[in-house]
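Following: one structure in C-alpha cells, then a few remarks.
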Amino acid sequence: MNRLFNTIIVPFFTFILASTSLAQRGSKPETFATIPAEVGGRIIVGKDEAESGVGVRFHHGKEEFISVAQSFVSSKAETIDGVGLKLFPNESNLQENGSLNYELRFYEVEGESEGRGRGLSIPLKVVPFFVQGEFRESKDYLYIRLPEPLPVEAGKTYAFEVAVLSKNSTRLTIAIGKRVTAPDPSEGSGYMIKGRENRPIETIPVAPSGYSLAFFLTAIR
C-alpha cells in the first residue's frame, strides 16, 4: 500500500502543486482610479470616453473566444512601455478572489488582405498578464507595463489585442466610447474579435467600427 501511495498519490499531489504554481502567467497590472502624474506625463495616444463596455471572455453558448482590439497611429517615432485600459462595471466581471490569464498582443497593420480585411503582421510582442480581484463595480484603469518596450514608427498604423487564455465566461469588461457614424480612420478604431480558436488574429475590418476603446499608451521619456 505504501508503495502504491508513493507511486500514484505522491506524484499526483506533486502535479497539483506544480499546476497551481504555474496557474498565473506574466505579471499583475497596476490599478488606479485616476491616472497618476508619473503615468499621465508619458501618454502619447488614447481615448477616455466611456459609454458602455465590451467583455473579453469565452462564450460557451457559441463556443467562441471574444477579444478586443484597438488600432492606433503614432504621430512620431516612440518607444511604447505601457498600456492603460479603462474598465466598465459589469455584474459578470471577475468577483472577489477571481483570477484569469490574458495576453496583450501588438501588431503592425498592413494593407488590405484579399478582401478579408486589413492584414496584420505576426505579433510584434506578446505580453502575458493576469487579473485578480473584484471588478464587478470597478471603473478603475488597468495599467500593463511592458517588460521590454516596443518601438513604433511615425505615421504607421499599429493595433493591440487583449485576449483571455482559458475557456472561462467571466468577463473583463473594457470601456468603449460612444459610436460615431463617420469615424476618422486616422484616429484609430476599436474592434470586438470572435473566433473558435484562441490564437493571434490575422486581420481587422477595413472600415472603422465607429467606436474606440477607452485606453492610453505610454512611451519612454
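The values are calculated or read from the model by the stated rules, or taken from the named source; none is laboratory data. It should be emphasised that the depicted structure is a prediction, and the values quoted were computed from it without experimental measurement. Note: ideal-geometry Cβ built from the backbone for every residue, glycine included; neighbour counts use all protein chains shown.
Residue by residue through the stretch 35-61, note down the ones that are assigned to a loop (DSSP other than H, G, I, E, B) and without any contact (Cβ under 8 Å) to a residue 24 or more places away in the chain.
Once the filter is applied, which keeps residues that are assigned to a loop (DSSP other than H, G, I, E, B) and without any contact (Cβ under 8 Å) to a residue 24 or more places away in the chain, the stretch 35-61 yields PRO36, GLY61.
Can you name the residue in the stretch 129-148 that is of a type outside the set (D, E, K, R) and surrounded by fewer than 16 Cβ atoms within 10 Å (Cβ to Cβ) and, of all such residues, is farthest from ALA219 (Cα to Cα)?
Our first condition is that a residue be of a type outside the set (D, E, K, R); within the stretch 129-148, this holds for 129-133, 135, 138, 141-144, 146-147.
Narrowing the set further to residues that are surrounded by fewer than 16 Cβ atoms within 10 Å (Cβ to Cβ) leaves 132-133, 147.
Details: GLN132: 26, GLY133: 27, PRO147: 13 Å.
The residue in question is GLY133.
When residues of the stretch 53-87 are filtered for being closer than 16 Å to SER212 by Cβ and either out of contact with any strand residue (DSSP E or B) (no Cβ under 6 Å at 6 or more places or on another chain) or exposed (fewer than 13 other Cβ atoms within 10 Å of the Cβ) (or both), how many remain?
Final tally of qualifying residues: 1.
Is it the case, given these coordinates, that GLY117 is at pLDDT below 85, at positive phi and surrounded by fewer than 19 Cβ atoms within 10 Å (Cβ to Cβ)? Write out each step before concluding.
On the way: at pLDDT below 85: yes; at positive phi: yes; surrounded by fewer than 19 Cβ atoms within 10 Å (Cβ to Cβ): yes.
Judged against the criteria, GLY117 is a match.
With SER209, SER189 as the choices, which residue is more than 16 Å from the chain's Cα centre (by Cα) and surrounded by 14 or more Cβ atoms within 10 Å (Cβ to Cβ)? Before you say what the answer is, go through the steps one by one.
Values: SER189 fails: more than 16 Å from the chain's Cα centre (by Cα).
Exactly one residue qualifies, and that residue is SER209.
Only one of these is within 23 Å of SER138 (Cβ to Cβ), modelled with pLDDT of 90 or more and surrounded by 13 or more Cβ atoms within 10 Å (Cβ to Cβ): VAL162, VAL152. Name it. Steps first, answer last, please.
Numbers: VAL152 fails: within 23 Å of SER138 (Cβ to Cβ).
One residue alone meets the criteria, VAL162.
Can you pull out the strands (runs of 3 or more DSSP E) entirely within the stretch 108-160 that have at least 3 residues that are in contact with a strand residue (DSSP E or B) (Cβ under 8 Å, 6 or more places away or on another chain) and closer than 21 Å to THR173 by Cα? Even if it seems obvious, please write down each step before you answer.
Working: elements: 118-120, 125-133, 141-152.
Ranges flagged: 125-133, 141-152.
For the stretch 168-182, does any single residue satisfy the condition of being of a type in the set (D, E, K, R), buried (at least 18 other Cβ atoms within 10 Å of the Cβ) and under 23 Å from ASN101 (Cβ atoms)?
Taking the stretch 168-182 and keeping what is of a type in the set (D, E, K, R), we get 171, 178-179.
Going one step further and asking which of them are buried (at least 18 other Cβ atoms within 10 Å of the Cβ), we end up with 171.
Subsequent filtering for residues that are under 23 Å from ASN101 (Cβ atoms) retains 171.
There is at least one residue in the stretch 168-182 that is of a type in the set (D, E, K, R), buried (at least 18 other Cβ atoms within 10 Å of the Cβ) and under 23 Å from ASN101 (Cβ atoms).
Going through GLY41, GLY133 one at a time, which residue ends up being more than 16 Å from TYR158 (Cα to Cα) and at pLDDT 90 or above?
Working: GLY133 fails: at pLDDT 90 or above.
Only one candidate passes the filter, namely GLY41.
Please specify each residue of the stretch 74-91 satisfying the condition of being at pLDDT 90 or above and over 18 Å from VAL162 (Cα atoms). Write out each step before concluding.
At the first step, the residues of the stretch 74-91 found to be at pLDDT 90 or above are 76-88.
If the condition is that a residue be at pLDDT 90 or above and over 18 Å from VAL162 (Cα atoms), then LYS76, ALA77, GLU78, THR79 are the ones that fit.
Search the stretch 88-110 for residues being of a type in the set (Ser, Thr, Tyr) and surrounded by 20 or more Cβ atoms within 10 Å (Cβ to Cβ), and hand back the single one that is nearest to the chain's Cα centre (by Cα).
Restricting attention to the stretch 88-110, the residues satisfying the condition of being of a type in the set (Ser, Thr, Tyr) are 92, 99, 102, 107.
Checking which are surrounded by 20 or more Cβ atoms within 10 Å (Cβ to Cβ) leaves us with 102, 107.
Details: TYR102: 7, TYR107: 13 Å.
Within the stretch 88-110, the match that is nearest to the chain's Cα centre (by Cα) is TYR102.
Identify all residues within the stretch 23-52 that are among the charged types (D, E, K, R), surrounded by 12 or more Cβ atoms within 10 Å (Cβ to Cβ) and within 23 Å of LEU150 (Cβ to Cβ); write none if there are none. It would help to see each step written out before you state the result.
Filtering the stretch 23-52 for residues among the charged types (D, E, K, R) gives 25, 28, 30, 38, 42, 47-49, 51.
Pick out the ones that are also surrounded by 12 or more Cβ atoms within 10 Å (Cβ to Cβ) and you get 25, 28, 30, 42, 47-49, 51.
Of everything in the stretch 23-52, those that are among the charged types (D, E, K, R), surrounded by 12 or more Cβ atoms within 10 Å (Cβ to Cβ) and within 23 Å of LEU150 (Cβ to Cβ) turn out to be ARG25, LYS28, GLU30, ARG42, LYS47, ASP48.
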